[in-house]
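Single-structure report; data block below.
The values are calculated or read from the model by the stated rules, or taken from the named source; none is laboratory data. Nothing here was measured: the structure is a model prediction, and the numbers come from that model. A quick note on method: Cβ atoms are made from the backbone with ideal geometry, for glycine too, and the neighbour counts reach across all protein chains shown. For accessibility, only protein heavy atoms count, side chains too; no ligands or nucleic acids. Shrake-Rupley method; radii C 1.70, N 1.55, O 1.52, S 1.80 Å.
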Amino acid sequence: MCPKAIIVGGGIGGLSAAICLRLIGWQVRVLEQAPKISEVGAGVQISPNGVKVLEEMDVMPLLESSLFEPDAIEILMGVSGRKLLHLPMKDAAVHRWGARYIQIHRADLIAGLTARLAKLAPDTVQVGTQAASYTHHTHGVRVVLKDGTIEDADLAIGADGIHSTIRNQMLGPDAPHFTGNIAWRALVPAERLGKLAPPATGCIWVGCGKHAVTTRVRAGELVNFIGVVERSDWKKESWQTEGSKQDALTDFVGWDQRLLSVIQHAKTLHKWALFDRPPLPYWHEKHVVLLGDAAHPMLPSMAQGAVQSIEDAYMLAQCLKEAKDDGIPRAIANYFDERIKRVTKVQRVSAQNLRLFHKPSLPAQILSYAPVWLAGKLAPGLVQKQNDWLYGKVFEPLTTPKLNL
Ligand code: FAD
């Protein structure tokens, strides 16, 4: 009989894990507490390392009609709009790192993952089901649901996000540190902005104590806005909270009109307080393992949280596929060893980026941004090289030869 995994959480990480485990022949069940599988109205950038995994999972064809491929990634001064860096991305990403760099609405990515999973194994996702705890038994794990029901499996995967119940049981309550930043988010139809639409590239707008990111989703029709501002008056870590437009405009007062125009035309603006967490000492215990934000929440300033959860899912399946007689506990320990160095580096660089984007004074900005500007002009290849360790990762096929599932 094939082994069975219970995956707690039907977000990007949990659905990816379900697909990858099915591809290596496991039986899977995804438990999602929400009444339906859905995502917030926001965009997500998927760098070439994530796209390579989505290709291996055969999810990319399902995303083609909704994704957007930016020609370049740019860094602009928030107030003047002056370009600091223009990094060609569209063809360069495929040429240098072996896959595309895409921007996509979260709901479209989730729909693609759900459709792929449904094809591999219909009826694997159980919504409206909250996991409360787990216990170990001789050959596996028992997941206890909030309504008292018990589910047995060979492996339980905690893909239950930043406020993970499974992580809390495994390692105790986490100790998030408020970074002193909040993130605004909004989606606005590009045509509503007319000439004031931000460039159709991946734009990072930098300035004193704040930065913003504008991207495109829904095949370029929607502008996705994220604005990160140093503020300590509000500390709720939730995607769902609405904020006031006036408040957001005040945060970016004096900034480039193209950015203000996005805020002005947004129907709703949401805000989220940004917390940082130190790397965890382990993510596995007997027949239970963590992935995605449950294992390594990271700041959004490298656009890697979702990408790393997709990588986790794939590498977990790789390790389980290669598991020998010492079985699942050894395989998930190998997965942790395989992943920890990489995600810790991503966590660290994400925190560094936040400081880089928020340089507090003009002299500090000149000191930090002048070399970026010069490198972009004289040696763009060198700037791209800095991302080789991240985007250039090679993923061995999960199935050989590729199964036509
Ligand atoms: P989640 O998406 O949080 O999914 C967890 C799921 O588990 C949820 O559906 C939840 O309902 C469910 N759940 C929780 N508890 C239980 C339970 N007890 N029982 C059952 N179900 C449960 N990443 C990128 O790669 N690129 C980007 O451009 C990017 N931009 C970002 C911008 C911002 C402002 C922020 C804040 C983050 C950004 N990220 C980005 C990070 C990314 O959003 C997350 O890292 C990613 O969504 C994590 O996926 P996950 O599946 O691990 O967790």
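Taking I75, I46, I366 as the candidate residues, the one with maximal mean-square fluctuation in a Gaussian network model of the chain, Cα springs under 10 Å, is I366. Annotation note: GluC sites (Glu not before Pro) in segment 1-83 located in DSSP loop regions with a Cβ neighbour count of at most 15 within 10 Å are E64. Computed from Cα atoms, the angle from the helix 305-321 axis to the main principal axis of the chain rounds to 30 degrees.
Checking the cross-link pairs K146/K267; K146/K236; K235/K267; K83/K210; K286/K341; K119/K271 against a 27 Å limit on the alpha carbon distance flags K146/K267; K119/K271 as lying beyond it. Pairwise Cα distances in segment 217-275 exceed 16 Å for 47 percent of all pairs. Which stretch or stretches of segment 183-215 have amide N atoms under 19 Å from the point lying 7 Å from E237's Cα along the Cα→Cβ direction? 183-185, by backbone N distance to the label point.
Near the amide H of A132, within less than 5 Å, lie the amide hydrogens of V144, L145, K146, all on another chain or at least 5 residues away, with H placed in the peptide plane.
Around the amide H of L76, modelled in the peptide plane, lie the amide H atoms of L84, I204, W205, V206, all under 5 Å away and 5 or more residues distant in sequence or on another chain. For the chain, the antiparallel share of DSSP beta bridges with both residues in that region comes to about 75%. What chymotrypsin sites (Phe, Trp or Tyr not before Pro) in segment 243-324 are in a loop by DSSP, with at most 16 other Cβ atoms within 10 Å of the Cβ? Answer by residue number: Y282. Accessible area per residue for the chain is 43 Å², calculated with a 1.4 Å probe on protein heavy atoms, without ligands, DNA or RNA. Here the Karplus curve 6.51 cos²θ - 1.76 cosθ + 1.60, taken at θ = phi - 60°, turns the phi angles of segment 185-195 into couplings of 9, 7, 10, 9, x, 4, 5, 5, 8, x, 5 Hz, with x standing for Gly and Pro. Pick from R29, R116, R277: which is most flexible by mean-square fluctuation in a GNM of the chain where alpha carbon atoms under 10 Å apart are linked? Between R29, R116, R277, it is R277 that shows the largest mean-square fluctuation. Taking all protein chains together and a 1.4 Å probe, the residues I340, I263 rank I340, I263 from largest to smallest accessible area. Looking at segment 137-186, the trypsin sites (Lys or Arg not before Pro) that sit in a DSSP loop and have at most 16 other Cβ atoms within 10 Å of their own Cβ are K146. Pick from T138, T149, T250 the residue whose mean-square fluctuation is largest in a GNM of the chain, springs joining Cα atoms under 10 Å. Most flexible of the set in this elastic network: T138. Probe radius 1.4 Å, ligands and nucleic acids ignored: give me the carbon and sulfur share of the accessible area of segment 1-148 as a rounded percent. Summing carbon and sulfur atoms, their accessible area is 52 percent of the total for segment 1-148. Extension gain for W373 to V394 (0.36 nm times residue separation, less C-alpha to C-alpha distance): 4.6 nm. Estimated at 0.36 nm per residue, the fully extended path between K267 and S80 surpasses their Cα-Cα distance by 64.8 nm. Relative to the longest principal axis of the Cα atoms of the chain, the long axis of helix 106-120 lies at roughly 20 degrees.
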